[in-house]
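Participant: Following this message is one structure expressed as structure tokens.
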Amino acid sequence: MKQAILALSLILGSCTTAQISQALGEVNKSVTGEKPLTTAEVGQGLKEALINGITKGSDRVSQVDGYFKNPEIKIPFPPDVKKVEDKLRQIGLGNDVDKFIMTLNHGAEEAAKEAKPIFIDAIKQMTIEDAWGILKGEENAATNYLQRTTSTQLKSKFKPVIQTSLDKVGAAKYYSDLVNTYNKIPFVDKVNPDLNEYATDLAMKGLFMQIAKEEKNIRQDPVARTTDLLKRVFSQTK
């Protein structure tokens with residue numbers, strides 16, 4: 001029933017009056033002891049729930065050490081050039097590699113601040129087909145929808161911010177220095193991978209992971225419903 005409520009909130013902008021009434025009627029069949037929810041309350045409450053999850057997820061990763069100290073989403077040295085990391089550690093530059101990894105993650109944290117308005121705009125553009133797809137989907141169906149519909153725009157927005165962020169925290173310079181040092185080692189194959197592309201892809205992946213957690217949390221945990229409206233909407237959908 002929680003999925004029905006979630007879907008209803010997302011289709012209000014494009015559904016017909018009859019469709020909305022029918023869906024709301026299904027929700028209110030299970031309501032006892034309280035005045036039935038109105039269409040406006042359900043719509044407002046569930047949009048609030050989804051935006052709430054997006055806000056918490058993006059805020060969590062954009063804080064200091066939001067990526068760096070979260071082992072689930074921490075961005076490691078680029079695996080395509082793992083041999084660079086290994087060789088640099090062998091010649092005593094492990095501390096420099098570690099500092100680069102820290103600054104790389106801080107760059108991702110800076111860039112994550114740009115994600116929230118893109119996601120909110122995507123919520124507003126959901127169609128009835130999108131909503132019913134979420135209704136029939138898994139507990140992370142809304143996150144999957146956002147990933148599917150925002151990734152292209154998000155990446156185009158993230159890339160220049162990632163680059164600026166990497167420059168700001170010194171990651172780009174550290175990386176350039178490390179790669180240049182590696183390339184000077186006799187008999188190694190020269191490397192020059194795209195750090196921006198790598199950091200952008202992993203920063204986005206980590207962001208969506210956190211949003212999926214918040215979506216699941218709000219669907220299942222009453223404590224996560226932080227406003228009176230959310231409490232009322234979800235308390236009547238048990």
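Participant: Among 75-81, 170-176, how do they line up from the highest to the lowest mean number of other beta-carbon atoms within 10 Å?
Facilitator: Peptide ranking by packing, descending: 170-176, 75-81.
Participant: Can you work out ³J(HN,Hα) from phi for every residue in segment 107-119, in order, using Karplus 6.51 cos²θ - 1.76 cosθ + 1.60 and θ = phi - 60°, giving whole Hz and x for Gly and Pro?
Facilitator: x, 5, 5, 4, 5, 4, 5, 7, 6, 3, x, 5, 5
Since every read-out is calculated from the coordinates, none of them should be taken as a lab result. What you are looking at is a predicted structure, and each value in this text was computed from that prediction instead of being measured. Using ideal geometry, Cβ is built from the backbone for each residue, glycine included, and neighbour counts are taken over all protein chains shown.
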